[in-house]
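Visitor: Have a look at the structure that comes next, please.
Quick note: the coordinates plus some simple rules give every number you see, no bench work behind them. Keep in mind that this is a model prediction, so the values were computed, not measured.
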């Protein structure tokens with residue numbers, strides 16, 4: 001779990017992870033995606049924020065917030081230097097384990113259509129596209145996805 005002291009490192013991971021896609025976002029959507037340290041501290045105070053470590057460095061992050069019977073995943077990012085090491089998959093497994101332990105029946109998220117590798121990861125992990133309640137983020141298109149959870153016996 002992240003602590004407020006991790007906020008600036010998490011902000012760096014978010015920025016590094018999405019920088020190559022900046023031209024595909026609107027200015028407002030990019031700003032909403034690459035959060036500031038203060039915004040991250042706010043998220044840590046309101047919900048769960050995880051970090052992934054590799055050789056004692058933060059190389060990934062994801063947060064989740066409860067919404068009724070679901071756990072909404074947001075701000076998932078893997079530093080470019082750590083891609084291909086299954087960091088995203090490990091973070092999704094952690095979220096699913098936590099969600100099941102707390103009785104959530106589904107995981108939801110939104111992403112952009114140009115984050116093709118992320119979409120493939122989500123689909124491999126069992127997420128399916130759904131009609132979302134938001135079609136865009138400050139003019140940048142969004143795709144809503146969900147994964148229905150089944151309690152493990």
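Visitor: Using helices alone, I'd like the mean residue ellipticity at 222 nm for the chain: each DSSP H run of four-plus residues gives -39500 (n - 2.57), total over residue count, nearest 500.
Guide: Rounded to the nearest 500, it is -10500 deg cm²/dmol.
Visitor: Return the single residue from 56, 38, 69 with maximal mean-square fluctuation; model: Gaussian network over the chain, springs between Cα atoms under 10 Å.
Guide: Highest fluctuation of the listed residues: 56.
Visitor: Which translational diffusion coefficient, to the nearest whole µm²/s, is obtained for the stretch 111-153 from the Stokes-Einstein equation, given a Kirkwood hydrodynamic radius over C-alpha pairs, 20 °C and 1.002 mPa s?
Guide: Result for D is 189 µm²/s.
Visitor: Output the relative contact order of the chain, whole-number percent, from Cα pairs under 8 angstrom with separation of 6+ residues.
Guide: After rounding, I find 21 percent.
Visitor: Please report, in whole Å³, the volume per residue of the convex hull around the C-alpha atoms of the chain.
Guide: Dividing the Cα hull volume of the chain by its residues yields 113 Å³.
Visitor: In addition: Considering only DSSP beta bridges where both residues belong to the chain, give the percentage that are antiparallel (nearest 5).
Guide: The answer is about 90 percent antiparallel.
Visitor: Taking Cα pairs under 8 Å and at least six residues apart, what relative contact order does the stretch 74-142 come out at, in percent?
Guide: 28 percent
Visitor: Looking only at 37, 117, 12, which one moves most when the chain is put into a Gaussian network model with springs between Cα atoms under 10 Å?
Guide: Among 37, 117, 12, the largest GNM mean-square fluctuation belongs to 117.
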